[in-house]
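Contents: one structure, followed by commentary.
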Amino acid sequence: MNVKAETLRHVLGVSGGKDSAALAIYMRDKVPDMEYFFTDTGAELPEVYDFLDKLEAYLGKPIKRLMPNGDFDHQLKMHNGFLPSPNTRWCTREMKIRPFEEWVGEDHVVTYVAIRADEDREGYRSTKDNIQPRFPFKEDGLNRADIERILYNSGVGYPKYYEWRSRSGCYFCFFQRKSEWIGLAKHHPDLFEEAKKYEKLETTSGDRYTWSQGESLDELILRASKILESNSNSQNKKIETWQEQLAKIEDESEDESCLICSL
Ligand code: SF4
């Protein structure tokens, strides 16, 4: 990209997750004119907003909130009522990527992406030529332990929801594990009830639209004790803290994760 330094924008998207927060902290003094942004689907967990407030206080500048063109219900209507799923991720395209690309417009930007050195994945790359990614953690060889150190040394710490959920993103995200749905029901019963309202049974065709594969949220909750029991049986007895459990869950679910939503 052959662009004058003074016209080049530097942007960093925080998702409400730990890695992008650590990257924002890491880059604060390296790129003073960094613009921070957060694409708000309107369906984020309350803990995310608390965490963004803490992060803003540390960064000393606002994190720009980008809103999609219409909320989730509007987007759902535009997609004929079809819930998004791992194979049909219109939600990420319409509610995360589009607001970002519209905000950037035709400006030339470098976007800083929080893929760690110990992760084997590509990360978000825009199809637009004026948006070029950089991966500082990969470039500097920073891994999960470094991210944890950055968060604790800054005083920002982890977002509170990590004690029961392994990723940021919408409260109804279909990438959630079954145990995380149980966590949602426990920590945010109101949001769990909201998520249930989106599930559908087409009585004529018998088709079911459920967030979690193979069962409705009501059915999942009926099996809650079995799900939790089988999780604890499969866990390594040496794993004790929630941070260690989180690392294990992340390792297991890395391939399925929502790259732009949950970094
Ligand atoms: S967090 Fe999940 S539900 Fe929300 S936009 Fe991303 S993939 Fe879709």
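The values are calculated or read from the model by the stated rules, or taken from the named source; none is laboratory data. These numbers come from a predicted model, not from an experiment. Every residue, glycine among them, receives a Cβ derived from its backbone with ideal geometry; neighbour counts consider all protein chains shown. For the accessible areas, the whole protein counts, side chains as well, though only heavy atoms, and no ligand, DNA or RNA atoms are used. Shrake-Rupley method; radii C 1.70, N 1.55, O 1.52, S 1.80 Å.
Annotation: extensible slack from S225 through H74 equals 50.8 nm (criterion: 0.36 nm per residue apart, minus Cα-Cα distance).
Straight-line cross-link reach from K61 at under 17 Å between alpha-carbon atoms covers these aspartates and glutamates, not counting any fewer than eight positions away in the same chain: D29, D33, E35, D50, D53.
Computed extension length for E194-E106: 27.9 nm, one decimal, from 0.36 nm per residue of separation with the Cα-Cα distance subtracted.
Summarising the amide proton neighbourhood of H10: residues at separation of 5 or more, or on other chains, whose placed amide H is nearer than 5 Å comprise E35, V110. The residues of the range 125-205 expose, per residue, 49 Å² of accessible area to a 1.4 Å probe.
Heavy-atom accessible surface of V104, to the nearest 10 Å², is about 0 Å², with a 1.4 Å probe and all protein chains retained. Estimated purely from DSSP H runs of n ≥ 4, each contributing -39500 (n - 2.57), the mean residue ellipticity at 222 nm for the chain is -11000 deg cm²/dmol once divided by its residues. In vacuum, with every alpha carbon of the range 5-166 counted as one equal point scatterer, what does the Debye formula give for log10 I(q)/I(0) at q = 0.18 Å⁻¹? Two decimals, please. Those come out to -1.25, one per q.
Among the listed pairs K64/K96; K178/K200; K18/K54; K64/K178; K30/K138; K160/K200, a Cα-Cα separation exceeding 22 Å is found for K64/K178; K160/K200. Here the spin labels are modelled as points 7 Å beyond Cα on the Cα-Cβ line, and at K64 and K160 they lie 2.9 nm apart. To put it simply, the accessible area of the chain at a 1.4 Å probe is 49 percent carbon and sulfur.
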